[in-house]
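One structure is given here, and the rest of the page talks about it.
The values are calculated or read from the model by the stated rules, or taken from the named source; none is laboratory data. Please read these numbers as outputs of a predicted model, since none were measured by experiment. Note: ideal-geometry Cβ built from the backbone for every residue, glycine included; neighbour counts use all protein chains shown.
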Amino acid sequence: MQPPRNRERDVLLVLCAVGLLGLTYLAWRAVGWFGVGLLGLLVVFLAVRIELEGNRPIGPEMTADLHAGQYRAEAGFDHAERAHRSAERGAVTGGARLASLFGGGLTVVGFGLFFLL
């Protein structure tokens, strides 16, 4: 079930889109279409990394205790706390998926026009 939409989320979405368009314009002015493609790759990389981490603790593979402790702590949560965590993860991954779509579009447009022009 999707969390309810609110005005704050919509405003943040618009501000992030405007910021990304501003960065796109700066990349285009500085490097050309190649810069737009690189910015798109950066956005996709960051979005996929956030989506894969799922708002969990981050660490090297050597720190298995960190991940095990997180899962043990979540196992002790009641139903309401687990639902709250799930809604938080859903909001984070939903934003990451949207960012990966924007980044993919920038990558395709940037590198496509770089190689065509």
Does at least one position in the range 46-64 carry a residue that is assigned to a helix (DSSP H, G or I), modelled with pLDDT under 80, more than 22 Å from Leu23 (Cβ to Cβ) and among the small types (Gly, Ala, Ser)?
yes
Output the number of residues of the range 72-83 satisfying the condition of being part of a helix (DSSP H, G or I) and surrounded by 11 or more Cβ atoms within 10 Å (Cβ to Cβ).
4
